[in-house]
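These notes concern the structure reproduced below.
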Amino acid sequence: MSSTRKRLYIKTYGCQMNVYDSERMKDVLTPLGYETSDEAEGSDLVIINTCHIREKAAEKLYSDLGRLRPFKDAKAESGGMTIAVAGCVAQAEGPEIMRRAPTVDLVVGPQSYHKLPELIARAHRARGEALDTEFEVEDKFDLLPAERHVEGYSAFVTVQEGCDKFCTFCVVPYTRGAEWSRPVDQLVNEIRRLAAKGVREITLLGQNVNAYHGAPPAGREADGPWGLGQLLRHIALIGGIERVRYLTSHPRDMDEDLIAAHRDETKIMPYLHLPIQSGSDRILKAMNRQHTYAEYAELIARMREVRPDIAISGDFIVGFPGETDADFEDTMKCVREIGYASAFSFKYSRRPGTPGAAMPNQIDETVKTERLHALQALLDEQQTGFNRSQIGRTLPVLFEKAGRIAGQLHGRSPYLQSVHVDGPAELIGRIGMVRIEDASRNSLSGQLVGAEQDVA
Ligand code: 5AD
Ligand code: SF4
């Protein structure tokens, strides 16, 4: 351990799990004297936490590394700058990165973040030794520090990593490996500590979170692995936790118990991110999604039956190999029929090593762009419509921070909408009731009508 303060800059690409991982890397490095900095220039350690899921991941990394070069040279005289590449590109292309980019001192895959201090020490001894893209995951969370630095009142917790689904467009099964789940007790410990620090809302993360099957708590071994429904109910019992969410789910893993949990447990927010990717059965089959549009629509209908106020969000890919105008029209029809509160949509990106990359009939970029624009126009319209449908309702809002304008508060509705309202700073970290008076595509505003729950 060192008593001198060192500066750490982390650049994070990609999904919420990478955001969580970056936080955990900070937690690992804090005891070594690292403090986070807002800029790379002058930092002692720079970590680029990469994402491999779409477009030009490697190109982005190499251009970032090019930009860091002069900073590294300038720092050579004053202690030097260590550059680390983390995340899914590191996992997929570790040795290649070490070969191509001499500025990189170490490469660390997502399952090895607890070993960062050792890797940094090794890199300082000899650059070639500091590459760790092992896949063993069983001990990572045991070895990461139990203490987490938290800002704000909403926190992410990884409960599951990896994926066994092998959708033909996706690199996740290759970069994050097979599905595995953290034990319930370990999660409860982490969440209790977060609650003690003021956290009120927990979002459980996993590449395929509803495939969660973690070891049951002590004393409940006879249950066998717990599913996500059981886990959510259990977490809802932790004192101080008022809201629970989870991301991202696969339609095939929405089991009866999880559906029932949405009916019974009001702390589970009425908001479900359930990607379908395409509305065409032909394309769903080519994507190896293992369900049809009708099955998905039926599932959404069930969710709405048990929780009538639930809002649905999703992910879509346009221009998967072989997608015809008729297939794309099926996706538009799906969006019209389901009705989305919000959604992410992407142009298909050919990922080396995935079956989709080798398929014939790759779609022209211009066609992908046209389809994406049409789809996004429809999704934007639905998002605005959904937000406007809240006008006149009174919603519980978890206030996260002061707004940009003095006297204003910023918070989130159950549907993750940004809400702005005039109110006292004492409400920050608490849930207040807001009568919604106005809405746009990206936010809501209204009047505070009371603090519903005094959870402090
Ligand atoms: N091309 C485009 N989008 C992709 N996604 C995953 N892989 C690809 C790809 N090769 C999208 C999916 C997924 C989200 C996280 O990213 O929609 O749900
Ligand atoms: Fe990728 Fe999700 Fe499909 Fe798994 S279920 S392969 S993470 S898109």
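The values are calculated or read from the model by the stated rules, or taken from the named source; none is laboratory data. Since we're looking at a predicted model, the values are computed, not measured. Note: ideal-geometry Cβ built from the backbone for every residue, glycine included; neighbour counts use all protein chains shown. Surface accessibility is based on the protein's heavy atoms, side chains included, excluding ligands, DNA and RNA. Shrake-Rupley method; radii C 1.70, N 1.55, O 1.52, S 1.80 Å.
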Scan of region 48-60 for residues that are away from ligand 2 (no atom under 16 Å from the Cβ), free of Cβ contacts under 8 Å to residues at least 40 places away in the same chain and within 15 Å of residue 18 (Cα to Cα), ordered by number: 48, 49
Would you mind stating whether residue 171 is touching a residue at least 40 places away in the same chain (Cβ under 8 Å), within 12 Å of ligand 1 (Cβ to nearest atom) and of a type in the set (A, V, I, L, M)? yes
Give region 157-168 a look and list any residue that's open to solvent by 10 Å² or more (accessible area, probe 1.4 Å) and more than 15 Å from ligand 1 (Cβ to nearest atom), or say none. 164
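Residue-wise test of (1) surrounded by fewer than 16 Cβ atoms within 10 Å (Cβ to Cβ); (2) at pLDDT below 95; (3) over 28 Å from residue 176 (Cα atoms).
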residue: 221; (1), (2), (3): yes, no, no
residue: 228; (1), (2), (3): no, no, no
residue: 232; (1), (2), (3): no, no, no
residue: 237; (1), (2), (3): yes, no, yes
residue: 278; (1), (2), (3): no, no, no
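So that you can scan it fast, the table gives a plain yes or no per residue for (1) in contact with a Ser or Thr (Cβ under 6 Å, 6 or more places away or on another chain); (2) within 16 Å of ligand 1 (Cβ to nearest atom):
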{"position": "229", "(1), (2)": "no, no"}
{"position": "236", "(1), (2)": "no, no"}
{"position": "248", "(1), (2)": "no, yes"}
{"position": "257", "(1), (2)": "no, no"}
{"position": "273", "(1), (2)": "yes, yes"}
{"position": "294", "(1), (2)": "no, no"}
{"position": "297", "(1), (2)": "no, no"}
Whether any residue in region 359-371 is over 24 Å from residue 303 (Cβ atoms), within 16 Å of ligand 2 (Cβ to nearest atom) and open to solvent by 20 Å² or more (accessible area, probe 1.4 Å) is what I want to check. yes
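Among 384, 394, 331, 354, which is the only one that is within 30 Å of residue 240 (Cβ to Cβ), surrounded by 14 or more Cβ atoms within 10 Å (Cβ to Cβ) and β-branched (Val, Ile, Thr)? It would help to see each step written out before you state the result.
On the way: 384 fails: within 30 Å of residue 240 (Cβ to Cβ); 331 fails: within 30 Å of residue 240 (Cβ to Cβ); 354 fails: within 30 Å of residue 240 (Cβ to Cβ).
After ruling out the rest, the residue left standing is 394.
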Any idea which of (1) assigned to a loop (DSSP other than H, G, I, E, B); (2) touching a helix residue (DSSP H, G or I) at 6+ places or on another chain (Cβ under 9 Å); (3) away from ligand 1 (no atom under 16 Å from the Cβ) is the one residue 352 doesn't satisfy? (3)
Cβ-Cβ distance below 8 Å, separation of 6 or more or different chains: which pairs start in region 380-396 with a residue that is in a helix (DSSP H, G or I) and end on one that is polar (S, T, N, Q) and open to solvent by less than 60 Å² (accessible area, probe 1.4 Å)? 383/342; 384/440; 386/342; 387/417; 387/440; 387/443
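Please note which strands (runs of 3 or more DSSP E) are completely contained in region 154-270 and include at least 1 residues that are small (Gly, Ala, Ser), in contact with an Asp or Glu (Cβ under 7 Å, 6 or more places away or on another chain) and more than 15 Å from ligand 2 (Cβ to nearest atom).
On the way: elements: 154-158, 201-205, 243-247.
In region 154-270, the matching strands (runs of 3 or more DSSP E) lie at 154-158.
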Identify all residues within region 297-321 that are open to solvent by 20 Å² or more (accessible area, probe 1.4 Å) and either outside any strand (DSSP E or B) or over 23 Å from residue 366 (Cα atoms) (or both); write none if there are none. 297, 298, 299, 301, 302, 304, 305, 306, 307, 308, 309
Quick check: is even one residue across region 345-366 in contact (Cβ under 8 Å) with a residue 40 or more places away in the chain, touching a His at 6+ places or on another chain (Cβ under 7 Å) and of a type outside the set (Ser, Thr, Tyr)? no
Which of the residues belonging to region 271-293 are more than 19 Å from residue 323 (Cβ to Cβ) and outside any loop (DSSP other than H, G, I, E, B)? 271, 272, 273
Failed condition for residue 335, given (1) part of a loop (DSSP other than H, G, I, E, B); (2) within 16 Å of ligand 1 (Cβ to nearest atom); (3) touching a residue at least 24 places away in the same chain (Cβ under 8 Å), with all others met? (1)
Assess whether residue 400 counts as being in a helix (DSSP H, G or I) and open to solvent by 40 Å² or more (accessible area, probe 1.4 Å). no
